[in-house]
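Working notes for the structure below.
The values are calculated or read from the model by the stated rules, or taken from the named source; none is laboratory data. Predicted, not measured: the structure shown is a model, and the values here were computed from it. Cβ placement follows ideal geometry from the backbone for every residue including glycine, while neighbour counts extend to all protein chains displayed. What goes into the accessible areas is simple: the full protein's heavy atoms, side chains included, and nothing from ligands, DNA or RNA. Shrake-Rupley method; radii C 1.70, N 1.55, O 1.52, S 1.80 Å.
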Number of protein chains: 2
Amino acid sequence: MFEVEVKYRVPSHDVIKDKLKSLNAKFLEHTEETDIYFNSPVRDFAKTDEALRVRVYGDGTVVLTYKGPRIGSIGKTREELSVTVNDLESLLEILRKLDFREVAKVVKRRDIYNYENFTIYVDSVEELGSFVEVETMVNDKELIDKATEEVLQLGNKLGLRRDWIERKTYLELMLERQGLNKP
Amino acid sequence: MFEVEVKYRVPSHDVIKDKLKSLNAKFLEHTEETDIYFNSPVRDFAKTDEALRVRVYGDGTVVLTYKGPRIGSIGKTREELSVTVNDLESLLEILRKLDFREVAKVVKRRDIYNYENFTIYVDSVEELGSFVEVETMVNDKELIDKATEEVLQLGNKLGLRRDWIERKTYLELMLERQGLNKP
């Protein structure tokens, strides 16, 4: 599966929430997510544009995710592989034993909406600010460009400006903020 | 937790099964386990005496385990960290993306017994033969020597000869068999 996703940095969430309401987008849930990112001992994921993430949801669910390099030019489409794991502390300890190093932690609260084939994440990220992500999934690489266009069209409808598009990941934004990403 | 475990290579399982019966050891279950072992891209786990294992049980349960180097001199005590994972194929794919390489597969059928604080595994391992493992768990490194002595005493009671002790792991035995472990 490929995730086709465009992220916008927004001044506030007010306008988008009104637009979602007027489109009859369905509110799915509120979640709190703590993401712990790891770097590989073999290569620098910041350079190869990969990511290894342990996500902890508000209800305690733990998910380990590998993200491959971004494929599209506008969005941030990636190959994604995830497994649910039953024990956070043991997982973190296993990753440390295998020489993965924690590089950043991203804490966000998100309201998740569904509209047609799309998922819309209205995100407040600690230390980083307010964002909206519009996402859809496709099975086939060939469908990525078409899906990206549809995602951008929905962004328009929602009043999200193209110059608000933020191609950097939360991890990259956090690393920049930490000053770890200086050349 | 530390696993204190002694493994014996046995000519057959007949004698041990009689002894288990006469001690009133409790039969717990029969399992089939397929173990897939991975090597690290950073260091050779065969040399550092570590192991990264994906175990698939007969009922489909998937467990990822890191094993640290052996600590005791007679047994094969190690630090062990495990998590249960919900999706085998995604887990294997994540490990491959992180540059872990599959080195061996060990398939065994085991009858598991409980006797006092001990677990006894009566194992038939594909390509390797018949084994018995006697195991107990301790919380504290200080208790390992005492627990090892108790495991050996139970081994005696079960008719397991000291010269049957096999200090090598199934992984090492399998790698030897594959001729990959030649100096």
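Before we move on, is residue A:151 β-branched (Val, Ile, Thr) and not in a helix (DSSP H, G or I)?
On the way: β-branched (Val, Ile, Thr): yes; not in a helix (DSSP H, G or I): no.
The answer is no for residue A:151.
A single member of A:52, A:64, A:91, A:95 is farther than 28 Å from residue A:164 by Cα and under 14 Å from the mean Cα position of the chain (by Cα), and it is A:64.
Residue A:35 fulfils the conditions (1) among the acidic types (Asp, Glu); (2) modelled with pLDDT of 95 or more; (3) open to solvent by 20 Å² or more (accessible area, probe 1.4 Å) except for a single criterion, (3). Taking the criterion of being more than 30 Å from residue A:53 (Cα to Cα) and either within 14 Å of another protein chain (Cβ to nearest Cβ) or touching a residue at least 24 places away in the same chain (Cβ under 8 Å) (or both), would at least one residue in segment B:92-107 satisfy it? There is at least one residue in segment B:92-107 that is more than 30 Å from residue A:53 (Cα to Cα) and either within 14 Å of another protein chain (Cβ to nearest Cβ) or touching a residue at least 24 places away in the same chain (Cβ under 8 Å) (or both). Scanning segment A:141-161 for residues that are without any contact (Cβ under 8 Å) to a residue 12 or more places away in the chain and either among the acidic types (Asp, Glu) or within 23 Å of residue A:108 (Cα to Cα) (or both) yields A:142, A:149. Taken across segment B:171-180, residues that are more than 16 Å from the chain's Cα centre (by Cα), assigned to a helix (DSSP H, G or I) and at pLDDT below 95 do occur, with at least one present.
Count of segment B:43-56 residues, restricted to those that are within 11 Å of another protein chain (Cβ to nearest Cβ) and over 21 Å from residue A:90 (Cα atoms), is 1. When residue B:73 is tested against (1) open to solvent by 30 Å² or more (accessible area, probe 1.4 Å); (2) at pLDDT 90 or above, only condition (2) is not met. On inspection, residue B:59 does not qualify as within 12 Å of another protein chain (Cβ to nearest Cβ) and either open to solvent by 30 Å² or more (accessible area, probe 1.4 Å) or small (Gly, Ala, Ser) (or both).
Candidates B:149, B:176, B:126: the one that is open to solvent by 20 Å² or more (accessible area, probe 1.4 Å), touching a strand residue (DSSP E or B) at 6+ places or on another chain (Cβ under 8 Å), more than 30 Å from residue A:44 (Cα to Cα) and acidic (Asp, Glu) is B:126.
Please tell me if residue A:89 is modelled with pLDDT under 95 and open to solvent by 20 Å² or more (accessible area, probe 1.4 Å). It would help to see each step written out before you state the result.
Details: modelled with pLDDT under 95: no; open to solvent by 20 Å² or more (accessible area, probe 1.4 Å): yes.
No.
Looking at (1) modelled with pLDDT under 95; (2) in a strand (DSSP E or B); (3) over 30 Å from residue B:83 (Cβ atoms), which one does residue A:131 not meet, given that it meets all the others? If we test residue A:131 against (1) modelled with pLDDT under 95; (2) in a strand (DSSP E or B); (3) over 30 Å from residue B:83 (Cβ atoms), just (1) comes out false. Only a single criterion out of (1) touching a strand residue (DSSP E or B) at 6+ places or on another chain (Cβ under 9 Å); (2) open to solvent by 20 Å² or more (accessible area, probe 1.4 Å); (3) modelled with pLDDT of 95 or more; (4) of a type outside the set (Phe, Trp, Tyr) is not satisfied by residue A:98, namely (2). Screening residue B:30 against (1) assigned to a strand (DSSP E or B); (2) within 13 Å of chain A (Cβ to nearest Cβ); (3) not charged (D, E, K, R) leaves a single unmet condition, (2).
Evaluating residue B:79 against the criteria (1) under 22 Å from residue B:48 (Cα atoms); (2) within 14 Å of another protein chain (Cβ to nearest Cβ); (3) under 20 Å from the mean Cα position of the chain (by Cα); (4) open to solvent by less than 50 Å² (accessible area, probe 1.4 Å) leaves one unmet condition, (4).
Test each condition in (1) free of Cβ contacts under 8 Å to residues at least 40 places away in the same chain; (2) surrounded by fewer than 17 Cβ atoms within 10 Å (Cβ to Cβ); (3) under 18 Å from the mean Cα position of the chain (by Cα) for residue A:1 and report the one that comes out false. With respect to (1) free of Cβ contacts under 8 Å to residues at least 40 places away in the same chain; (2) surrounded by fewer than 17 Cβ atoms within 10 Å (Cβ to Cβ); (3) under 18 Å from the mean Cα position of the chain (by Cα), residue A:1 is out only on (1).
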